[in-house]
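Data first, discussion second: the structure below is written as structure tokens.
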Amino acid sequence: MKRILGILISFSVVMVTGCGSWGGFGSNSSAQKAAIPVYVPNEKARLVRFSGSEPEGFNGIKWETKLSTVAGMKHYRTDQSAGGIEFYLKKGDGFPLGNGKPAPVQYGFWREKFYVGMVTTGGLTDWNSLKETVFSKFGVGAKPFSNKEEYLWVGKVAVMALRYDENSKMGTFYIRSESMEKQMESIVTMR
């Protein structure tokens, strides 16, 4: 039990800090620096796997698809972690929320291969709609902290997280390729 809780907490910390340069977590604003989050471990947390088959990609793009084969991508930002993850937006694209509103999607490529998809929302209404959409598609994830709106799913093909930050009022849905993560770890370890 303690090992599973440790895994959930570790992944949660990585999720918060790993893709932090988008402007929410890890931001340089004074409001972000002043708010120090307190995480209360959820002793009842259990590792949650995907029900049915695991996602082999996100929003129509399969894991490890080469960037050059995906039409309509426009560079958005670079996350310097793991040697640089390039994030793109796709023209006319969005993640459909339960309320009918599309949320913006960022597609992360590492070494020109699709690695991670990320959806962000602003405000509690869109967060609740995002949470409802993700839960209806994947089931309810593990909740590693009893005092935080954060959920995790761990599989052999993909790992997923869903989180609401009360300070920034932003929701984040994050899904990444497990095989790409292992490739990145091996490169970073070799350095």
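The values are calculated or read from the model by the stated rules, or taken from the named source; none is laboratory data. Just so you know, these numbers come straight off a predicted model, no measurement behind them. All Cβ positions, glycine included, derive from the backbone under ideal geometry; neighbour counts span all protein chains shown.
Here are a few things to note about the model shown:
- For region 62-97, taking the residues that are β-branched (Val, Ile, Thr) and assigned to a strand (DSSP E or B), the one that is nearest to MET184 (Cα to Cα) is identified as ILE85.
- Restricting region 53-70 to residues that are modelled with pLDDT under 95 and more than 16 Å from the chain's Cα centre (by Cα), the residue that is farthest from GLU178 (Cα to Cα): GLY60
- The lone exception for PHE87 - which of (1) under 16 Å from VAL70 (Cα atoms); (2) among the aromatic types (Phe, Trp, Tyr); (3) out of contact with any Cys (no Cβ under 9 Å at 6 or more places or on another chain) it fails: (3)
- Remark: LYS169 falls outside the filter, which requires a residue to be of a type in the set (D, E, K, R) and within 18 Å of GLY98 (Cα to Cα).
For (1) of a type in the set (Gly, Ala, Ser); (2) surrounded by 20 or more Cβ atoms within 10 Å (Cβ to Cβ); (3) assigned to a strand (DSSP E or B), each residue gets a yes or a no:
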{"site": "ASN99", "(1), (2), (3)": "no, no, no"}
{"site": "TYR107", "(1), (2), (3)": "no, yes, yes"}
{"site": "PHE114", "(1), (2), (3)": "no, yes, yes"}
{"site": "GLY117", "(1), (2), (3)": "yes, yes, yes"}
{"site": "PHE135", "(1), (2), (3)": "no, no, no"}
{"site": "ASN167", "(1), (2), (3)": "no, no, no"}
{"site": "TYR174", "(1), (2), (3)": "no, yes, yes"}
{"site": "MET184", "(1), (2), (3)": "no, no, no"}
{"site": "ILE187", "(1), (2), (3)": "no, no, no"}
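- In the set (1) among the small types (Gly, Ala, Ser); (2) at pLDDT 90 or above; (3) touching a Cys at 6+ places or on another chain (Cβ under 9 Å), the condition left unmet by GLY94 is number (3).
- The residues listed here are LYS137, LYS90; of these, the one that is in contact with a Lys or Arg (Cβ under 8 Å, 6 or more places away or on another chain) and among the basic types (Lys, Arg) is LYS90.
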